[in-house]
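Each remark here refers to the structure printed beneath this line.
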Amino acid sequence: MTAPNELRLLPWSGPGGKPCYLDTDDKASYMSRLADNIEAVQLGTAAELLEHASETLDDQDVGPEDLQQLARELTRVLRDVHRVAVSRGHLLAASDPHRP
């Protein structure tokens, strides 16, 4: 059985918002590739939204409703990017031969 700190945190949540994990050593497995692809989409979406946010904040005519919507979208994307960072950090730590 794989140790809990060696499981891959997947880029989506399960029922009730609980984290989902993948237990495999096969980085080419269907689920690993699916997770990689979803993470890539999430990171791409974050980059696009960051550019949109900069443009929106530079717009002197933007209204409070637009700013509130932007904050909601940034929060959602930041949550996704944080999950990717945590997952990749765990994968790096698990692959480090010098870890305790």
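The values are calculated or read from the model by the stated rules, or taken from the named source; none is laboratory data. All values derive from a computational prediction rather than experimental measurement. Using ideal geometry, Cβ is built from the backbone for each residue, glycine included, and neighbour counts are taken over all protein chains shown. The accessibility values were calculated without ligands, DNA or RNA, using every heavy atom of the protein model including side chains. Shrake-Rupley method; radii C 1.70, N 1.55, O 1.52, S 1.80 Å.
Extension gain for residue 92 to residue 61 (0.36 nm times residue separation, less C-alpha to C-alpha distance): 6.7 nm. Modelled label positions at residue 47 and residue 70, each set 7 Å beyond Cα in the direction of Cβ, lie 2.1 nm from each other. The angle between the Cα long axis of helix 64-95 and the longest principal axis of the Cα atoms of the chain comes to about 20 degrees, rounded to the nearest 10. For the chain, the solvent-accessible area with a 1.4 angstrom probe is 73 square angstrom per residue.
With the helix formula -39500 (n - 2.57) applied to DSSP H stretches of n ≥ 4, the chain reaches a computed 222 nm mean residue ellipticity of -22000 deg cm²/dmol.
Amide H contacts of residue 10: 20, 21, 22, each under 5 Å away and 5 or more positions distant or on a separate chain (H built 1.01 Å from N in the peptide plane; Pro and chain starts excluded). Take the Cβ atoms of residue 24 and residue 78, set R0 to 25 Å, and the FRET efficiency comes out at 0.35. Summing +1 for each Lys or Arg and -1 for each Asp or Glu among the other residues whose beta-carbon sits under 13 angstrom from that of residue 36 gives +2. Phi angles of the range 33-39 translate, via the Karplus equation with coefficients 6.51, -1.76, 1.60 and θ = phi - 60°, into HN-Hα couplings of 5, 4, 4, 4, 5, 5, 4 Hz per residue; Gly and Pro are given as x. Each of (i) 28, 14, 11; (ii) 32, 15, 11; (iii) 34, 13, 12 is a candidate for semi-axes √(5λ) of the Cα gyration tensor in Å; the one calculated from this structure is (iii).
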